[in-house]
Each structure stands twice: as structure tokens, then as C-alpha cells.
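**Student:** Quick one: the structure is below, and I'll ask about it shortly.
The values are calculated or read from the model by the stated rules, or taken from the named source; none is laboratory data. These numbers were taken from a predicted model, which means no experiment stands behind them. Neighbour counts run over all protein chains shown; Cβ positions are idealised from the backbone, glycine included.
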């Protein structure tokens, strides 16, 4: 018989447990017994065991002391405490000492077996369950894809994909990552075609999903009209999967409600965030603020210099007159965050506090310039991990914990997501063509229409005209735009970089999260 695991069992009444020992051995476990804590520690120093059962009350060194010594010797070995004592204080002390399971005497064989499986085979059992589940779920998704999904189906598909990707992050050796990557690639191919076919119906019609222009009217304004104090946080360039990995940190502090919306095109800050704060499409914003798009460089932060003003106008248009006025805070660096922390108490007395945080956007942009950032964010799983680590130690988490005890309602959303650009497609344009990798505007643009949405008339997509003969192209799937001159050099430079502005589930499907303090 193959030995499943080696067990060390310390109990001063071990002779009374022979039936339990035989049961475990019949199930394939090898059991070494000792009658005191000193011997248990001695065995751990000279042999390798997969799991330890410790009686709490043994003469000499008791179970809790032995536990501490064993964890010093082999910190990774799971330890199960077995005791007659059901006092809550003892249980808390044992749990605080990093036990892996807790059994109360008299134990029965089934409890022992379950504890072994829980401590030793949990990962294997979960991996097997995941493999079975995903085989079924993949089949379901392909059925949906074959039945012409609508925008609600696309939202649901993206949510599922994000949840699965996060789950599979825990099991990189399962071989599921490539399968899921291929599925997402196919979904984005079909989604890009869907958006190309239906986007104009969305922006000119009524039967459409919630878009960037609807975020404030649908979520923020109703709460303000009900007299609530609102903190509205926009995490620039945060994707849904990034949100899902930081959300669990908030479970102890907030009740959480989630809805979803689609970013407008291009999925880039000057367009999507200006539209969010104004409730207008970029073309309508251009009529009011023509200077926003007079120049040719959307990378300029001045493209969003009117956000507070646009939001003020939108609120008043909807009958919300704030007194005192809203506070708008933009966090670009550590100093900005510390200033907000210092002034938070006074800001929370206002009816509306708006906070824009640029961490993810800066990470995406700086990644292309830094070999260190490329290494620590080499794929989507690593990107999520960096986001999780940032949030855990961020001023944002500190701020949210402080808000949780107040009466303010918090809304958190993103203006657009990002996608890892994996394929290049050649573009021809003049010297005034914009430099963006996922969307471009200029004159006489040429690109393979299989890889991009070609917009000859900006009005068709409610985009700013900028000047006569301005055209737009918006990348589909995971393509990035590159010029024929120096194509291979720039492809190698930007390949696998996280970009935004195009059409993909990652860039367009975004969460709107409502947090109510517990």
C-alpha cells in the first residue's frame, strides 16, 4: 500500500486509541506514537512528518508548549490539537498559536480522517473539484458564445472569467492557465465584433447597457438627493479582476453591493472619465470645452482639468445644489495621499467628496519603461498580485477603514481597464497622428480593419472632431498599433505591456461598488 502521509500522534493515553490507529493505517497512513510532548519534539527534530496530533493535557510538556516547539522546528507542518477541555480561552490560545485544526475528545475515526484530508489533501481535492467544474463551465460558455450573447451575457461572461482566473492563480501547476487564456482570447475576438456592430446603437439609442455617462446620474445623484453624504472614488485604469482581489480586504468593514457598466470608446482617461463626470459623450463636451481637444496629445493631464467643473454642472443640471461645494482630490503621489489622510475628517463632513487615484494608470504606463516592473508584473496573475499588495499597504485602505465608522456612503469605480497587448498591427498615418498604442486619431489613417474599428466620421461614435478630416481607429482584442518603420523594435518594446483605449472585455466591463459601513 502506498503511504499517504506520516502522522506523529502524541497522547499520554495512546494505548486507549489503538482502534483509531488501526483505522488510520487501513486508510493508508503511517502513524508514529509517543506519550509526551518531549518525545514529540525529539521525533520532529530527527524525522519528517506530514501532520501532528497533539493531546493538550500531557504530563510534563503539555500540548500547547509542544506546539510552540514543533512550529519552531517545522513551521510548515500542520498540527491538530486534541483536548477534553472545551473552554473558549483555551481554544483561542491554541488557535492563536497557529494550530491547523481542533478536535474535542472523545474523537471518532471519521473526525481524524476528515482532519487529515482537510490539512493534507485540501489542495488536491480542491484542484480536482476545480478541474471537474471548469470542464462543465467551459462547455456552458461555448454554448453562450454560440447563441449570440447580448450585453448582459457579455458582462456575465467577463465576471466569470475574472473569478476563474483569480481562483486558478492559487494553482499555477494545474495546467488550466493556458486553456483559460485561450478562452478569453476567443471571447475578446467575438466581443470586439459585437461592440463594432452594436456600439452606435448604444450611444444613439435607449435599449443599451449602462455607460460611462450614466455612472453619476444613476448612482451618485440619487444618494445625494436623499441627503446622504457620499464619497465617490475613481480608481483610474483598475480592471474588474484587480478590484476582485482587493475587495476581500473590505469585508470586515463594509456591506458591499456591485453593479457593472461599459466604458465608452476609446477606453482612455480623457474620454471615459470626462464623460463619467459630465454625463456627456466626448463630442458634446467638445462643444462646451473646445480647447480640451485642440492639441494632438491625449497623454497630457490637462485633458482632464475640467473634471470638477463638469461634475458641478452635471449635479446642478439634475437639481443637486451642494453647499458647501464638493471637494475634488486627485492622488498622483505619496504626498497627495498623506495630505488627504490629514484632512479626511473635515472632508467627510461635506456632502460629496470625490477622490481620483492614479496608481494603476501609473503602473501601466511606467511598466514599459522599467525592467523591474516588467518582471514583477509579467502577466495578469502577477498584475493582480501587485495590485493586492499595493492596496493592503495603501493610503486608500487606510482612508476606507476610517470612513467605515462614519455615515458616508462610498462608491468606487474605474473609468476604464487595461489589456496586455500581445499582437502588433501596422498603422500608416502622418506626423500629426496621435501616439497612443490602442487608439489613434489623425488624417488618412490606414490599418487592417480585422484588427481595429475604423471611424471615418467621428460623429458616428460621438467623438470630438478636433478638425476637418479627423479619423479614429480603435484596436480590437489584444492588438497594439505600430508603424511600419521600426516595427520590430517597437513591438519588442511594447509587447506584453498593459495598454488601454481599445475594445476588450478587460478595458470595457467595469464595476460600480457601493460600500456601506458595518
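**Student:** Do we find a residue being closer than 25 Å to residue 311 by Cβ and in contact (Cβ under 8 Å) with a residue 40 or more places away in the chain anywhere in the stretch 363-376? So that I can check it myself, show each step before the final result.
**Tutor:** Looking only at the stretch 363-376, we keep the residues that are closer than 25 Å to residue 311 by Cβ, and these are 364-365.
Adding the requirement that they be in contact (Cβ under 8 Å) with a residue 40 or more places away in the chain leaves 364.
Among the residues of the stretch 363-376, at least one is closer than 25 Å to residue 311 by Cβ and in contact (Cβ under 8 Å) with a residue 40 or more places away in the chain, which makes the answer yes.
So that you can scan it fast, the table gives a plain yes or no per residue for (1) surrounded by fewer than 19 Cβ atoms within 10 Å (Cβ to Cβ); (2) in the same structural domain as residue 396 (by TED's automatic domain parsing); (3) modelled with pLDDT of 95 or more:
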residue: 195; (1), (2), (3): no, no, yes
residue: 217; (1), (2), (3): yes, yes, yes
residue: 226; (1), (2), (3): yes, yes, yes
residue: 234; (1), (2), (3): no, yes, yes
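**Student:** With respect to residue 246, is the statement that it is outside any helix (DSSP H, G or I) and buried (at least 18 other Cβ atoms within 10 Å of the Cβ) true?
**Tutor:** Here the answer is no, as residue 246 does not meet what is asked.
**Student:** Still on this structure, please answer the following. Residue check, residue 426 against (1) within 30 Å of residue 225 (Cβ to Cβ); (2) touching a residue at least 60 places away in the same chain (Cβ under 8 Å), all met but one. Which one?
**Tutor:** (1)
**Student:** What number goes with the only condition from (1) part of a helix (DSSP H, G or I); (2) within 25 Å of residue 238 (Cβ to Cβ); (3) in contact (Cβ under 8 Å) with a residue 24 or more places away in the chain that residue 149 does not pass?
**Tutor:** (1)
**Student:** Between 366, 287, which is surrounded by fewer than 17 Cβ atoms within 10 Å (Cβ to Cβ), in contact with a helix residue (DSSP H, G or I) (Cβ under 8 Å, 6 or more places away or on another chain) and modelled with pLDDT under 95? Break it down into steps so the answer makes sense when it comes.
**Tutor:** On the way: 287 fails: in contact with a helix residue (DSSP H, G or I) (Cβ under 8 Å, 6 or more places away or on another chain).
Selected residue: 366, the only one of 366, 287 that is surrounded by fewer than 17 Cβ atoms within 10 Å (Cβ to Cβ), in contact with a helix residue (DSSP H, G or I) (Cβ under 8 Å, 6 or more places away or on another chain) and modelled with pLDDT under 95.
**Student:** Next question, about the same structure. Counting only residues that are without any contact (Cβ under 8 Å) to a residue 24 or more places away in the chain and within 21 Å of residue 120 (Cα to Cα), give me the helices (runs of 4 or more DSSP H) lying completely in the stretch 1-75 with at least 3 of them.
**Tutor:** Because the criterion is at least 3 residues that are without any contact (Cβ under 8 Å) to a residue 24 or more places away in the chain and within 21 Å of residue 120 (Cα to Cα), the helices (runs of 4 or more DSSP H) in the stretch 1-75 that meet it are 18-26.
Yes/no matrix, rows are residues, columns are (1) closer than 30 Å to residue 50 by Cβ; (2) more than 27 Å from the chain's Cα centre (by Cα); (3) surrounded by 16 or more Cβ atoms within 10 Å (Cβ to Cβ):
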{"site": "108", "(1), (2), (3)": "yes, yes, no"}
{"site": "141", "(1), (2), (3)": "no, no, yes"}
{"site": "165", "(1), (2), (3)": "no, no, yes"}
{"site": "169", "(1), (2), (3)": "yes, no, yes"}
{"site": "179", "(1), (2), (3)": "no, no, no"}
{"site": "182", "(1), (2), (3)": "no, no, no"}
{"site": "192", "(1), (2), (3)": "no, no, yes"}
{"site": "200", "(1), (2), (3)": "no, yes, no"}
{"site": "205", "(1), (2), (3)": "no, yes, no"}
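**Student:** Only one of 11, 48 is surrounded by fewer than 19 Cβ atoms within 10 Å (Cβ to Cβ), touching a strand residue (DSSP E or B) at 6+ places or on another chain (Cβ under 9 Å) and either at pLDDT 90 or above or within 23 Å of residue 118 (Cα to Cα) (or both). Can you tell me which?
**Tutor:** Testing whether each residue is surrounded by fewer than 19 Cβ atoms within 10 Å (Cβ to Cβ), touching a strand residue (DSSP E or B) at 6+ places or on another chain (Cβ under 9 Å) and either at pLDDT 90 or above or within 23 Å of residue 118 (Cα to Cα) (or both) leaves just 48.
**Student:** Also: Does residue 39 fit the bill of being farther than 20 Å from residue 102 by Cα and at pLDDT 90 or above?
**Tutor:** Taking the combined requirement at face value, the residue satisfies it.
**Student:** Being in contact with a strand residue (DSSP E or B) (Cβ under 7 Å, 6 or more places away or on another chain), in the same structural domain as residue 512 (by TED's automatic domain parsing) and buried (at least 16 other Cβ atoms within 10 Å of the Cβ): is that true of residue 230 here?
**Tutor:** When the stated conditions are applied, residue 230 passes them.
**Student:** Collect the residues in the stretch 109-123 that are in contact (Cβ under 8 Å) with a residue 24 or more places away in the chain and either touching a helix residue (DSSP H, G or I) at 6+ places or on another chain (Cβ under 8 Å) or over 13 Å from residue 29 (Cα atoms) (or both), keeping them in residue-number order.
**Tutor:** 109, 112, 113, 116, 119, 123
**Student:** Separate question: So in the stretch 348-363, with the set limited to residues that are over 17 Å from residue 412 (Cα atoms) and in contact with a strand residue (DSSP E or B) (Cβ under 9 Å, 6 or more places away or on another chain), which one is surrounded by the most Cβ atoms within 10 Å (Cβ to Cβ)?
**Tutor:** It comes out as 363.
**Student:** Could you identify the single residue in 512, 516, 480, 468 that is touching a strand residue (DSSP E or B) at 6+ places or on another chain (Cβ under 7 Å) and farther than 25 Å from residue 195 by Cβ?
**Tutor:** Checking each option against the conditions leaves just 516.
**Student:** Please specify each residue of the stretch 9-23 satisfying the condition of being in contact with a helix residue (DSSP H, G or I) (Cβ under 6 Å, 6 or more places away or on another chain) and closer than 18 Å to residue 104 by Cα.
**Tutor:** Start the filter on the stretch 9-23 by keeping residues that are in contact with a helix residue (DSSP H, G or I) (Cβ under 6 Å, 6 or more places away or on another chain), which leaves 10, 20, 23.
Within the stretch 9-23, 10, 20 meet the criteria.
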